[in-house]
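The values are calculated or read from the model by the stated rules, or taken from the named source; none is laboratory data. These numbers come from a predicted model, not from an experiment. Counting neighbours? That spans all protein chains shown, and the Cβs are built from the backbone with ideal geometry, glycine included. What goes into the accessible areas is simple: the full protein's heavy atoms, side chains included, and nothing from ligands, DNA or RNA. Shrake-Rupley method; radii C 1.70, N 1.55, O 1.52, S 1.80 Å.
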Amino acid sequence: MTDLGYHASHEQFAPSALLEYVQLADEHGFDHALASDHFHPWSEQQGESGFVWSWLGSALEATELTFGTVNAPGYRYHPAIIAQGAATLRELYPERFWLAVGSGQLLNEGIMGTDWPVKRERNARLEECAEIMRRLFEGEEVTHHGRVDVEQAQLYSRPETAPPLIGAALSEETAAWLGEWADGMITIATPDHEADAARVEAFREAAPEKPVYLKAQHSYAESDADALEGAHEQWGANCIPGPVTQELRTPEQYDELADQITAGEVEENVRVSADLDDHVDWLETDGDLDVDRVFVHNVNTNQTSFIKAFGDDVLPSFQ
């Protein structure tokens with residue numbers, strides 16, 4: 001059975017509002033949440049970017065949910081610091097925090113002024129950082145010199161079990177590579193169900209017993225028109241095709257390209273409907289991939305009615 005989770009989008013909502021939303025999700029039957037980790041929003045229309053690591057402590061204290069966040073170690077975050085933060089949350093809230101790691105986007109990591117590496121180099125840095133974090137979770141004193149440097153670092157406050165390092169993948173090639181070393185995989189639901197299945201299969205061939213999570217973009221509102229309008233306004237910048245989205249530095253650059261994205265193109269990339277049965281059908285299709293969790297992201301700003309409706313009328317179909 002596939003579990004459903006709630007996606008807490010820090011690009012779209014102030015941290016205080018998001019805290020209320022995850023509490024509401026907890027009250028309406030969600031067991032899991034995924035929180036984004038951004039320095040900049042994708043678009044000026046979104047307009048927020050709270051610091052997720054400050055927020056996670058409040059969210060874990062205020063709810064009974066499990067939480068994960070997707071992080072790109074090795075740029076604006078040193079892997080030893082992320083290991084310390086993740087270990088602290090896991091010690092405070094045993095078994096309730098996990099960490100996803102990915103190769104990042106220039107939108108967030110570019111604030112360091114670094115030259116943005118090609119994907120192959122970003123992957124190598126990611127795997128190196130993951131190994132550093134694992135050694136720290138084990139209590140080892142780590143000295144390492146490579147793409148990142150660590151000098152005599154040791155974690156003294158550690159949880160009983162280390163936070164799982166779930167790898168983030170957008171391609172079949174990356175999924176297969178993650179299967180060699182990650183503790184699980186998180187990927188995106190796309191309009192191409194066969195491509196989604198291929199990524200899951202590529203990971204599972206290398207790691208058949210490890211969990212797979214999916215993040216799915218939905219837009220639910222009182223009418224189809226409202227759902228589409230909200231998705232177009234808030235998520236149009238995320239419907240830009242191709243890998244260019246990993247190479248843009250500012251929200252303004254995303255908005256320039258998003259101005260060319262039509263409502264129809266948004267509807268091709270986001271599951272837009274006012275009919276809850278449609279959303280159940282889409283999520284059952286995700287479940288056919290045999291993924292362990294699907295984190296549902298309602299991409300418009302209408303979070304309260306979405307949480308209540310999905311909690312009351314969609315979650316029971318998956319329990």
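Restricting to segment 132-171, count the residues that are within 21 Å of residue 70 (Cα to Cα) and either touching a residue at least 60 places away in the same chain (Cβ under 8 Å) or among the aliphatic types (A, V, I, L, M) (or both).
Let us first name the residues in segment 132-171 that are within 21 Å of residue 70 (Cα to Cα), namely 132-137, 147-148, 158-159, 161-171.
When the remaining residues are screened for being either touching a residue at least 60 places away in the same chain (Cβ under 8 Å) or among the aliphatic types (A, V, I, L, M) (or both), the result is 132-133, 136, 147-148, 158-159, 161-170.
Qualifying residue count for the region: 17.
On the basis of being free of Cβ contacts under 8 Å to residues at least 40 places away in the same chain, over 18 Å from the mean Cα position of the chain (by Cα) and over 27 Å from residue 20 (Cα atoms), does residue 110 make the cut? Full working, then the answer.
Numbers: free of Cβ contacts under 8 Å to residues at least 40 places away in the same chain: no; over 18 Å from the mean Cα position of the chain (by Cα): yes; over 27 Å from residue 20 (Cα atoms): yes.
Criteria not met by residue 110.
For segment 286-306, give me the residue count where each residue is in a loop (DSSP other than H, G, I, E, B) and touching a residue at least 24 places away in the same chain (Cβ under 8 Å).
Residues of segment 286-306 that are in a loop (DSSP other than H, G, I, E, B), as a first pass: 288-292, 299-302.
Subsequent filtering for residues that are touching a residue at least 24 places away in the same chain (Cβ under 8 Å) retains 289-292, 299-302.
Count: 8.
Does at least one position in segment 178-186 carry a residue that is touching a Pro at 6+ places or on another chain (Cβ under 6 Å) and open to solvent by 40 Å² or more (accessible area, probe 1.4 Å)? Spell out how you get there, then give the answer.
Step one: list which residues in segment 178-186 are touching a Pro at 6+ places or on another chain (Cβ under 6 Å), which gives 183-184.
From what's left, open to solvent by 40 Å² or more (accessible area, probe 1.4 Å): 183.
For segment 178-186, residues touching a Pro at 6+ places or on another chain (Cβ under 6 Å) and open to solvent by 40 Å² or more (accessible area, probe 1.4 Å): present.
Just name the residue that is modelled with the highest pLDDT out of those in segment 181-197 that are within 15 Å of the chain's Cα centre (by Cα) and part of a loop (DSSP other than H, G, I, E, B).
Just the residues of segment 181-197 that are within 15 Å of the chain's Cα centre (by Cα), to begin with: 184-190.
Still in the running and part of a loop (DSSP other than H, G, I, E, B): 189-190.
Details: 189: 95, 190: 91.
Selected residue: 189.
With the structure loaded, tell me whether residue 83 is within 24 Å of residue 246 (Cβ to Cβ) and not hydroxyl-bearing (Ser, Thr, Tyr) or whether it fails that test. Quick ask: steps written out before the conclusion?
Details: within 24 Å of residue 246 (Cβ to Cβ): no; not hydroxyl-bearing (Ser, Thr, Tyr): yes.
No: the conditions fail for residue 83.
Quick one: is residue 260 of a type outside the set (Asp, Glu), in a strand (DSSP E or B) and under 30 Å from residue 111 (Cβ atoms)?
Details: of a type outside the set (Asp, Glu): yes; in a strand (DSSP E or B): no; under 30 Å from residue 111 (Cβ atoms): yes.
When the stated conditions are applied, residue 260 does not pass them.
Checking the structure you have, find out if any residue of segment 127-136 is surrounded by 12 or more Cβ atoms within 10 Å (Cβ to Cβ), out of contact with any Ser or Thr (no Cβ under 8 Å at 6 or more places or on another chain) and of a type in the set (Val, Ile, Thr). Explain how you work it out, then say what you get.
Here is the first cut: in segment 127-136, the ones surrounded by 12 or more Cβ atoms within 10 Å (Cβ to Cβ) are 127-136.
Next cut, out of contact with any Ser or Thr (no Cβ under 8 Å at 6 or more places or on another chain) only: 127-136.
If we keep only those that are of a type in the set (Val, Ile, Thr) too, we end up with 132.
Within segment 127-136 (the criterion being surrounded by 12 or more Cβ atoms within 10 Å (Cβ to Cβ), out of contact with any Ser or Thr (no Cβ under 8 Å at 6 or more places or on another chain) and of a type in the set (Val, Ile, Thr)), the answer is yes, since at least one residue qualifies.
Could you list, in sequence order, all residues of segment 153-170 that are part of a loop (DSSP other than H, G, I, E, B), closer than 18 Å to residue 214 by Cβ and at pLDDT 95 or above?
Here is the first cut: in segment 153-170, the residues part of a loop (DSSP other than H, G, I, E, B) are 154-164, 169-170.
Now narrow it down to the ones that are closer than 18 Å to residue 214 by Cβ: 164, 169-170.
Passing the criteria: 164, 169.
So how many residues does segment 287-313 have that are farther than 20 Å from residue 196 by Cβ and either hydrophobic (A, V, I, L, M, F, W, C) or surrounded by fewer than 23 Cβ atoms within 10 Å (Cβ to Cβ) (or both)? Give the derivation first.
We begin by selecting, within segment 287-313, every residue farther than 20 Å from residue 196 by Cβ; these are 300-313.
This time we only want the ones that are either hydrophobic (A, V, I, L, M, F, W, C) or surrounded by fewer than 23 Cβ atoms within 10 Å (Cβ to Cβ) (or both), so: 301-313.
Selection size over segment 287-313: 13.
Could we say that residue 204 is at pLDDT 95 or above and under 25 Å from residue 240 (Cβ atoms) here? Break it down into steps so the answer makes sense when it comes.
On the way: at pLDDT 95 or above: yes; under 25 Å from residue 240 (Cβ atoms): no.
So residue 204 fails the test.
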